[in-house]
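> The following block contains the structure, expressed as structure tokens.
The values are calculated or read from the model by the stated rules, or taken from the named source; none is laboratory data. Fair warning: this is a prediction, and the values are worked out from it, not measured in the lab. No Cβ is skipped: glycine too gets one built from the backbone with ideal geometry, and neighbour counts run over all protein chains shown.
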């Protein structure tokens, strides 16, 4: 007789646990994307608020764990040009490549926060 003969599975919680993990990760990624947008908005070129107002987060979902940060909408061509033109002059503290540089400079901190938030949500 097997040593495992007296063990029986009462309930399989794997699907529930996986769903909770994916929900926690999606929420944490969305918080991280919102933080990246906040940081990027501190250096976005600013004259009338068109660019900072066009910043958006495409949220992650439990089935698609990818959050996206971007600028555009009706101002897409304007946002792309402002982002890429490194020779253009901006007000003090404002710059081209604001989103890319924010991701490079603050990305490691934001991802550490995302990991901590996901762990915290899982209890």
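> Do you know which of the residues in the stretch 42-51 that are out of contact with any strand residue (DSSP E or B) (no Cβ under 8 Å at 6 or more places or on another chain) and surrounded by 18 or more Cβ atoms within 10 Å (Cβ to Cβ) is modelled with the lowest pLDDT?
It comes out as 45.
> Mind listing just one residue for me: the one in the stretch 11-26 that is in a helix (DSSP H, G or I) and more than 19 Å from the chain's Cα centre (by Cα) and, of those, farthest from residue 63 (Cα to Cα)? Outline the logic, then answer.
Our first condition is that a residue be in a helix (DSSP H, G or I); within the stretch 11-26, this holds for 14-26.
Applying the additional criterion that residues be more than 19 Å from the chain's Cα centre (by Cα) yields 14-19.
On the way: 14: 16, 15: 13, 16: 14, 17: 14, 18: 11, 19: 9 Å.
Residue satisfying both the conditions and the ranking: 14.
> A follow-up question, please. Does the stretch 87-99 include one or more residues that are touching a strand residue (DSSP E or B) at 6+ places or on another chain (Cβ under 9 Å), surrounded by 13 or more Cβ atoms within 10 Å (Cβ to Cβ), in a helix (DSSP H, G or I) and touching a residue at least 40 places away in the same chain (Cβ under 8 Å)?
Within the stretch 87-99, one or more residues are touching a strand residue (DSSP E or B) at 6+ places or on another chain (Cβ under 9 Å), surrounded by 13 or more Cβ atoms within 10 Å (Cβ to Cβ), in a helix (DSSP H, G or I) and touching a residue at least 40 places away in the same chain (Cβ under 8 Å).
> Now for a separate question. Would you check if there is a residue in the stretch 67-82 being at pLDDT 90 or above, in a helix (DSSP H, G or I) and out of contact with any helix residue (DSSP H, G or I) (no Cβ under 9 Å at 6 or more places or on another chain)?
Taking every residue of the stretch 67-82 in turn, none turns out to be at pLDDT 90 or above, in a helix (DSSP H, G or I) and out of contact with any helix residue (DSSP H, G or I) (no Cβ under 9 Å at 6 or more places or on another chain).
> Which ones in the stretch 44-66 are within 18 Å of the chain's Cα centre (by Cα), touching a residue at least 24 places away in the same chain (Cβ under 8 Å) and outside any strand (DSSP E or B)?
44, 54, 59, 60, 62, 63, 65, 66
> Here is a check on your reading of the model: is residue 39 over 11 Å from the mean Cα position of the chain (by Cα), buried (at least 18 other Cβ atoms within 10 Å of the Cβ) and not in a helix (DSSP H, G or I)? Walk me through how you get there before you give the answer.
Working: over 11 Å from the mean Cα position of the chain (by Cα): yes; buried (at least 18 other Cβ atoms within 10 Å of the Cβ): yes; not in a helix (DSSP H, G or I): no.
It is false that residue 39 is over 11 Å from the mean Cα position of the chain (by Cα), buried (at least 18 other Cβ atoms within 10 Å of the Cβ) and not in a helix (DSSP H, G or I).
> Would you check if residue 4 is at pLDDT below 95, more than 19 Å from the chain's Cα centre (by Cα) and not in a helix (DSSP H, G or I)? Can you show your working first?
Values: at pLDDT below 95: yes; more than 19 Å from the chain's Cα centre (by Cα): yes; not in a helix (DSSP H, G or I): yes.
Judged against the criteria, residue 4 is a match.
> Within the stretch 67-86, which residues are in contact with a strand residue (DSSP E or B) (Cβ under 8 Å, 6 or more places away or on another chain) and farther than 16 Å from residue 100 by Cα?
Once the filter is applied, which keeps residues that are in contact with a strand residue (DSSP E or B) (Cβ under 8 Å, 6 or more places away or on another chain) and farther than 16 Å from residue 100 by Cα, the stretch 67-86 yields only 73.
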